[in-house]
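The values are calculated or read from the model by the stated rules, or taken from the named source; none is laboratory data. Remember, predicted model here, so these are calculated numbers, not experimental data. Note that we place each Cβ from the backbone using ideal geometry, even for glycine, and neighbour counts take in every protein chain shown.
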Amino acid sequence: MKTKRLKQSLTALVAVGVIFLANISALAADLAGTVQGAGSPIAGSTVTLYAAGAGAPTQLAQSRADTNGAFKLNAKQAPKESVLYIVAKGGTPKAAAAKGASDAIALLAVLGGAPPKKVTVNELTTVASTFTAAKFINGEAISGNALGLRIAAGNAPSLVDPETGTWGKVLLDPINVTQTTTLANLNTLGSLIAASFTVASDDWRSRFFKAATPPGGVTPKNTLEAMAGIARAPWASAKELYALFDEVYPQPKDGSRRKAPFVPYLAYTPPDFALSLCFAGGGMCGNGKFVFDADGNLWSGQNWMPGSQSGVSVNIGGGLIKVLPNGTVVSPPVNGFRGMGLDGVGWGTGVSLDKVWVGGLNGTILVTDFSGKPLAKEGDLPMAGQLGGVMGIGVATNGDVWIADGTKNHMLFFPGGRLKDGRIVEVAGLKSPFGVAIDNQNRVWVSNSQSDTVVRFSADDPSKAETFRCGISVRGVALDSKGNLWAASNMSLDFPPPVIPDGVSIMEQFKIAAAHMLKVLTEHPTMKTGVVNMIKPDGTQAAPKGFTGNGVVNVAWGISIDGNDDVWVGNFWGKGVVLMAGDDTKGHPAGTKAGDAIHQFQSGSVQLITDVGVDPAGNVWAANNWDAVEPIVADDPISRTSTWGGGSGLTIIYGVAAPVKAPLMGQVRKP
């Protein structure tokens, strides 16, 4: 089923216990709550409130749950801007009272923002909190960069309500609850935690902890550490974990309901246990490039206007959207943010320290503040009226802004990000330039979407340009911390290239390229195409023909680098997000090589995606660009589905990447 509107709310955290993250300097009142397991109280659990920050967490209060699992915490002053979380350890679960107390019990709950008057700490709050805070958990301690922690805590309520310990509002909206397996993933993981201290044997629990050990990690000692281990690499032991679920909650032969405590659960072995949620609204339709500002807000220009019957032949252009770190869309509905003549956006979105830059498919540039307000008029642009379809935007570490003109085949340069000083720069070798990145040597890298090359030139002397070969139709580019350029190409070098005349509009380019690719792929239904190239700072390539991710890549589009220098690829035709090993394979299984696909994330909410972005909490954002192909390419599309062309919404995959510093200016940086 196709639904264009999704509710926006907060997002989730996961762990055994309760985490709540807020900009607070003190806790004004006592905090009360209950500790539960398998839907019943856990008596005698030791409940501790911590404040997390950059260093070791600070203990604020401690209590013991009574026979009904109830507790009260009288908290002292918390450090400013700290993230609060509760860990409940040990105790006797009433659901298995005969077994007595269990040291393997450790539960976590993330509250996000101001804590509710009452808190529930259970298996579901643990799962949600460990996943959203996955990259900040070490054992039972939580620490990390302040922004990342705030983002992690702010996302928790979308998955699980910290007051009730049941499902969050965003998880229950019409798309997430019915079109994805996130609810079933969450409940299956929660049931595994419950089994470990209720119905399972010691041998089962030992095997559960082994399966929950992340690659290269330490075997967990309790359920919090186990769930945190799964959250760090939810693909690593999915088969083994589901087998343990099947063993402890066997499927009745008549196909009826299992005895798992949380339903619905997974009925089949999953490819991973990732938790993700879809968000939409605020003018979102056909997401282009994803960028984050210094506060972790996402900005993206949109191809088309929501509700329009837009495609490559006839279209109404979209505007600019803004999405808060918890997925709440705050840009105006339908139109998004507009101004300076903007009407439709392709790959042209960039963020500097003080501005948002947007390139229009109609030859305009919009520059806004972080409230979406235009900072100039269309006529203030020095090259107004001289531009073609404006595409990729790159921001250098010194604040310079470089923008690609995708139809006029030149670059636009704004020294220090000053709009009034902008000028056109001619660069040899450009052929429908698309993506832009600037390395720490102030060299500008530009991909060519109508060629198989990437161009590099010094910002100080653009007349001296170098050309490097990649795949055909090079799209997204990104720089890792070593200065290696990673480039995603739609087609492999052995794929018959489309013939696109020079100077045609961006939409006409897409029309010709899409028709060509659809024809070839329809004639060869098992064919996959597209590559990812890595070009070192010295210009050499270890794999000149590019990486295919062991055959997983299928029409690569967008690309981002995380804080571990791993590579994230928008796998357009593959309808997924590919995690690819970067130049340094540390942290991956032995034998992993650069360019190997570690895993592909797919979901019912992930459509034909272009870009992927990594935020300061390690969440991966996937941009739905196209949904149904027929209304995009048909001359007279079927009326019933004629508004389904533009991709609907975006998907956030929680805690699977290494956090990065935002905004992206130059090469990727850790927070």
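Below, the figures for the structure above:
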read-out	value
Sole residue being assigned to a helix (DSSP H, G or I) and at pLDDT 95 or above, chosen from LYS169, LYS135	LYS135
Residue within region 605-628 that is more than 19 Å from LEU298 (Cα to Cα) and more than 18 Å from the chain's Cα centre (by Cα) present	yes
Cβ-Cβ under 7 Å pairs, at least 6 apart or on other chains, region 564-586 side touching a residue at least 40 places away in the same chain (Cβ under 8 Å) and closer than 17 Å to ALA617 by Cα, far side assigned to a strand (DSSP E or B) and among the hydroxyl-bearing types (Ser, Thr, Tyr)	TRP568/SER560
Single unsatisfied condition, THR397 versus (1) touching a strand residue (DSSP E or B) at 6+ places or on another chain (Cβ under 6 Å); (2) in contact (Cβ under 8 Å) with a residue 40 or more places away in the chain	(1)
Residue in region 520-534 that is farthest from LEU485 (Cα to Cα), counting only those that are of a type outside the set (S, T, N, Q) and part of a helix (DSSP H, G or I)	GLU523
Residue under evaluation VAL567, criteria (1) closer than 27 Å to THR522 by Cα; (2) touching a strand residue (DSSP E or B) at 6+ places or on another chain (Cβ under 7 Å); (3) not polar (S, T, N, Q), criterion not met	(1)
Filter result for the condition that a residue is hydrophobic (A, V, I, L, M, F, W, C) and surrounded by fewer than 21 Cβ atoms within 10 Å (Cβ to Cβ), over ALA243, ALA236	ALA243
Extreme residue, farthest from PRO631 (Cα to Cα), among residues of region 517-534 that are at pLDDT 90 or above and buried (at least 16 other Cβ atoms within 10 Å of the Cβ)	MET534
Hits in region 138-147 (condition: outside any helix (DSSP H, G or I), touching a residue at least 60 places away in the same chain (Cβ under 8 Å) and surrounded by fewer than 21 Cβ atoms within 10 Å (Cβ to Cβ))	GLY139, ALA141, SER143, ASN145
Test: residue in region 645-658 that is more than 30 Å from GLY311 (Cβ to Cβ) and surrounded by fewer than 24 Cβ atoms within 10 Å (Cβ to Cβ)	yes
Those residues of region 373-399 which are small (Gly, Ala, Ser), under 18 Å from ARG418 (Cα atoms) and surrounded by 15 or more Cβ atoms within 10 Å (Cβ to Cβ), in sequence order	ALA376, ALA384, GLY392, GLY394, ALA396, GLY399
Tally, over region 403-413, of residues that are over 12 Å from ILE365 (Cα atoms) and either in a strand (DSSP E or B) or modelled with pLDDT under 95 (or both)	3
Residue within region 514-534 that is charged (D, E, K, R) and touching a strand residue (DSSP E or B) at 6+ places or on another chain (Cβ under 9 Å) present	no
Within region 24-53, tally of residues that are modelled with pLDDT under 95 and either assigned to a loop (DSSP other than H, G, I, E, B) or over 11 Å from VAL119 (Cβ atoms) (or both)	11
Selection within region 48-65 - under 22 Å from ALA104 (Cα atoms) and in contact with a Gly (Cβ under 8 Å, 6 or more places away or on another chain)	ARG64, ALA65
So PRO41, is it without any contact (Cβ under 8 Å) to a residue 60 or more places away in the chain and closer than 16 Å to GLU123 by Cβ	yes
Criterion: of a type in the set (S, T, N, Q) and not in a loop (DSSP other than H, G, I, E, B) - qualifying residue of SER308, SER256, SER300	SER300
Residue match in region 291-306 (condition: closer than 30 Å to ILE506 by Cα and of a type in the set (Ser, Thr, Tyr))	yes
Selection count, region 90-132, where residues are part of a helix (DSSP H, G or I), among the aliphatic types (A, V, I, L, M) and surrounded by fewer than 24 Cβ atoms within 10 Å (Cβ to Cβ)	4
Of all residues making up region 196-225, the number that are touching a residue at least 40 places away in the same chain (Cβ under 8 Å) and among the aliphatic types (A, V, I, L, M)	3
Failed criterion for LEU183 (all others in (1) out of contact with any helix residue (DSSP H, G or I) (no Cβ under 7 Å at 6 or more places or on another chain); (2) surrounded by fewer than 24 Cβ atoms within 10 Å (Cβ to Cβ); (3) under 18 Å from ASN122 (Cα atoms) hold)	(1)
Residues that are more than 19 Å from ASN145 (Cα to Cα) and part of a strand (DSSP E or B), drawn from region 61-85	ALA61, GLN62, SER63, ARG64, ALA70, PHE71, LYS72, LEU73
Subset tally (residues that are among the polar types (S, T, N, Q), within 18 Å of LEU608 (Cβ to Cβ) and surrounded by fewer than 18 Cβ atoms within 10 Å (Cβ to Cβ)) for region 502-516	0
Only one of PRO433, PRO501, PRO496, PRO462 that is within 16 Å of VAL555 (Cα to Cα) and not small (Gly, Ala, Ser)	PRO496
Of all residues in region 459-501 being in a strand (DSSP E or B) and free of Cβ contacts under 8 Å to residues at least 12 places away in the same chain, the one that is surrounded by the fewest Cβ atoms within 10 Å (Cβ to Cβ)	ASP461
Qualifying residue in region 327-337 (condition: assigned by TED's automatic domain parsing to the domain that holds VAL291, among the hydrophobic types (A, V, I, L, M, F, W, C) and closer than 30 Å to ASP461 by Cα)	no
